[in-house]
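**Student:** First the structure, then my questions, so here it is.
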Amino acid sequence: IEENPQRASIMRFKTDGSESRIYATGLRYVIGMDFQPNQPILWVANMEREGLSDNLPPETLYALYIEANGGWPYCHAGRIVDPDFGDESSCNESLLNPRAEIESQSAPFGLTFYDGDLFPPEYQNDIFIALHGTGSGDSARGYKVIRVPRKGEPQLDVEDFATGWVSPDGIPWGAPTDIIQGPDGSLYLSDDLQGVIYRIFYAGPEGE
C-alpha cells in the first residue's frame, strides 16, 4: 500500500512543469500511453501484479477520465480481488473497467494510436502495443506487438500484429519496447535487447 498518493498514478503538469495534479490513481505500472486521435481521451496500458497464478491477473488497457481509479492494490482488472490487500468490497462499480485484457505478465511498454495513411483504412484509429515480455521457455509471455482494433467497443479484442522474437526453444532474442507512428505512416518499434529500431510498413496487397 503506497503512502505517497503520487505513486501508482498518472499525473498532469503544465508544460513548464508547474501545477502538478493527480489525474488518475490505482494504476500499478503504466509506461505506454497516448491520446485518442481528435479526442481528449488518454489511453494507457497497465502492468498488473505478479504472483496470483499463471494467467491472472491480465495486463489491462484503460481509457482514462479525471479522477479515475484502477483499483491497485485492492482490485485488479476491475474484477479480481487482491488476496493480500482486498476484501469483498474492493471491486466495485466506481473502478475503471478495462477496455481490453492482455496476456498476464506480458509487460506492455509502448502504446500508440494509428492515424496515418500508409496502412489500409481498417487500421485507422487502432491501438498498437509493444509487449516487452517476461520469462523464457514455457513461461515466455509477450515479446511481440499486438493490435487492438477499435471496432466493437466498448469491450475490445486483442490480436497479434508482429511476432517472432522468441526462438522455437522459448528463448527470447528481442524485446519490443516502444512504438510510435512516423511522419511517413510507418510504425517504428524499438528493441532494447537488440538495441535496434524496426520500421514496420505496408507494401500493398501483393507485397510490392
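**Student:** Gln6 versus Leu118, label points 7 Å from Cα toward the beta carbon: distance in nm?
**Tutor:** That separation, rounded to one decimal, is 3.8 nm.
**Student:** To two decimal places, what compactness ratio does the range 1-68 give when its Cα radius of gyration is scaled by 2.2 N^0.38 Å? Display every interim value, and only then the final one.
**Tutor:** Values: Rg = 13.5 Å, N = 68, 2.2 N^0.38 = 10.9 Å.
Dividing the Cα Rg of the range 1-68 by 2.2 N^0.38 Å gives 1.24.
**Student:** Still on this structure, I have one more. First select every other residue whose beta carbon is under 10 angstrom from the beta carbon of Thr25; then total the charges, Lys and Arg +1, Asp and Glu -1. List each step's numbers first, then the result.
**Tutor:** Values: positive: Arg7; negative: Glu2, Glu67.
Counting the neighbours of Thr25, the net charge comes to -1.
**Student:** Right, here's the next one. When the accessible area of the chain is computed with all protein chains present and a 1.4 Å probe, what percentage of it is carbon and sulfur?
**Tutor:** Values: 5410 of 11180 Å².
On the chain, the fraction of accessible area on carbon and sulfur atoms equals 48 percent.
**Student:** OK, next. Based on Cα positions only, what radius of gyration and what Dmax would you give for the range 103-176, in angstroms?
**Tutor:** In order Rg, Dmax, the Cα atoms of the range 103-176 give 13.4, 39 Å.
**Student:** Related question: Let me know the Rg and Dmax you get for the range 43-134 when you use only its Cα atoms, in Å.
**Tutor:** Every Cα atom of the range 43-134 included, Rg and Dmax give 14.8, 49 Å.
**Student:** Can you work out the Karplus-derived ³J(HN,Hα) for every residue in the range 75-90? Use 6.51 cos²θ - 1.76 cosθ + 1.60 with θ = phi - 60°, whole Hz, and x for glycine or proline.
**Tutor:** Once θ is set to phi - 60°, the couplings for the range 75-90 become 9, 10, 6, x, 8, 10, 6, 5, x, 8, 10, x, 9, 5, 9, 5 Hz.
**Student:** Under the Karplus relation 6.51 cos²θ - 1.76 cosθ + 1.60, θ = phi - 60°, what is the ordered set of whole-Hz ³J(HN,Hα) values for the range 93-104, x standing for Gly and Pro?
**Tutor:** With coefficients 6.51, -1.76 and 1.60, one gets 5, 7, 7, 4, 9, x, 7, 7, 10, 10, 3, 4 Hz.
**Student:** A further question on this structure: Can you give the Rg/Rh ratio of the chain, where Rg is from the C-alpha atoms and Rh is the Kirkwood radius? Could you put the intermediate results ahead of the total?
**Tutor:** Values: Rg = 17.6 Å, Rh = 18.0 Å.
Computed over Cα atoms, the ratio is 0.98.
**Student:** Another question about this same structure. Give the longest segment of the chain that steers clear of trypsin sites (Lys or Arg not before Pro) in DSSP loops with at most 12 neighbouring Cβ atoms within 10 Å, not counting the sites themselves.
**Tutor:** Longest stretch, sites excluded: 15-150.
The values are calculated or read from the model by the stated rules, or taken from the named source; none is laboratory data. All of these numbers come straight from a predicted model, not from anything done at the bench. Every residue, glycine as well, gets a Cβ built from its backbone with ideal geometry; the counts of neighbours run over all protein chains shown. Ligands, DNA and RNA are stripped out before the accessible areas are found, and what is left, the full protein with its side chains, is counted by its heavy atoms. Shrake-Rupley method; radii C 1.70, N 1.55, O 1.52, S 1.80 Å.
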